[in-house]
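What follows draws every value from the coordinates through simple rules; no lab data is involved. What you see is a predicted model, and the numbers here were worked out from it, not measured in a lab. In this analysis, Cβ positions are derived from the backbone assuming ideal geometry, glycine residues included, and neighbour counts consider all displayed protein chains.
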Amino acid sequence: MRFTIVGFLAAHNGQQILQFFSKYSKPTRYTLIAPAIVGVLASLLATCASGGVGQGAGTQRSRVQRRGAGKPGEAVLTWRGPPGSDRIVPRGCDRLMSLTKQQALEMYQSDDLIGIGMEADALRRKLHPEGVVTYIIDRNINYTNFCTEYCTFCAFYRPLKGPRAKEGYILDFETIYEKIRETVELGGTGVLMQGGLDPDLKIDWHEQLLRGIKQRFPKIHLHCYSASEIIAVAEYSGLTIRDTILRLRDAGLDSIPGGGAEILDDEVRYKIARLKCLTDDWLNVHRTAHQIGMRTTATMMFGVGEKHEHRINHFQRLYELQEETGGFTAFIPWTFQPAHTALGGRHWEEATAVEYLKNLAISRLYLSNFKNVQSSWVTQGLKVCQLGLRFGGNDVGSVMLEENVVRAAGVSNCTTEEELRRIIRDAGFRPAQRDTLYRTYFLN
Ligand code: SF4
């Protein structure tokens, strides 16, 4: 077998078989440091994308396509356009479109990580041909950790009553202003502010806070309140979702983060967060925000015991809403961090780097109507985040001057702007600072 392969490769490359054999037939062991692993993976992806060793001229089909090809009537991805084109469209369809559920399931079941990454990278290049990877300088502020929802995956909240209530807090406005002042001084352009659900904090409290911030820092972008917080504030204040968002907007809210999505499939939500808003409720908040002209992001926290089908349902619901409104700016997936959580228990098997990268790539392909997909350093660390830029990610999120929720689950990765720019550059991209809405590039 070895001779057959060596003979084929030698003939293919116009070399003497013995010369080729001595070069390639001996087992070789490499010890790769992290940057080398990144380089090897990037090189593999580039090789595959350009036709690669062993592919004949004119063969621009992906491994995903080869898997699906030959099954009558099945929609498969195909390369459209001239050889080398990176446009992915389903057969018989002229526009950029997502995977089918079946294709996504096949990808999850496949061990062809590089092939899936290559597909996602091709779509990322199509959507971002300029070769720029973005980041933002902002800060997460958690105005309270009191919460009534008891989500089993959350290490951050404290109940309103009982022994642990004494660990709860509500930040006073001056403390929040001070955090924002620091953020602005450090070059930050936005604040992501979220908290637990506390029935004492009704719409007036939030309006006063937002107005106070905007009076002092009129240029800061306020990206605040997950869907579950908005639903809770509406309920505590006797308002509709629409009126709640309108009042918050009039007080200074600029956009809404995608927190609280977890897995948008009620079968999973019932198991991990019985009290939290359901899938339709979460989508309804985002739909309402989009309808009044406010942009939002979408997230996914996976690795909570869900099946691949649940993740695909999550993608499908997001895809549909994005088709309806076009209001999502980005998709941001991350992995469940089990430490100090009820769900995590003692021996929870956390999602691995391979699972993270595969999920990132499949999300990139499925959510083809989302312009931006974020690779996470907060849960994955900088090295996996960097790899994610070749698995569909075009953004590394925030320098994050403060983060409390993931830290509460025992994960404390940290970085600086310079470090983020370095990993972006080393992955072959141009780093650029953006604003919260992914609109303005600070080409520094
Ligand atoms: S995830 Fe959010 S809603 Fe759930 S317990 Fe934690 S703070 Fe409360």
For the range 132-442, what's the relative contact order in percent, using C-alpha pairs closer than 8 Å and at least 6 residues apart? 23
Which order results if S110, S226, S376 are arranged by neighbouring Cβ count within 10 Å, fewest first? S110, S376, S226
Going by C-beta contacts inside 10 Å, put W348, W334, W282 in order with the fewest on the left. W348, W334, W282
Give me the mean projected area, in nm² to one decimal, of the convex hull enclosing the Cα positions of the range 210-339. 8.6
Determine the alpha carbon to alpha carbon distance for each of K307/K371; K307/K383; K161/K276; K101/K371; K179/K271; K276/K371 and list only those over 30 Å. K179/K271
Whole-angstrom gap from the range 294-346 to the range 120-157, using each part's C-alpha centre: 11
Neighbourhood charge, 12 Å Cβ-Cβ cut-off, centred on R181 and excluding it, Lys, Arg +1 and Asp, Glu -1: -1
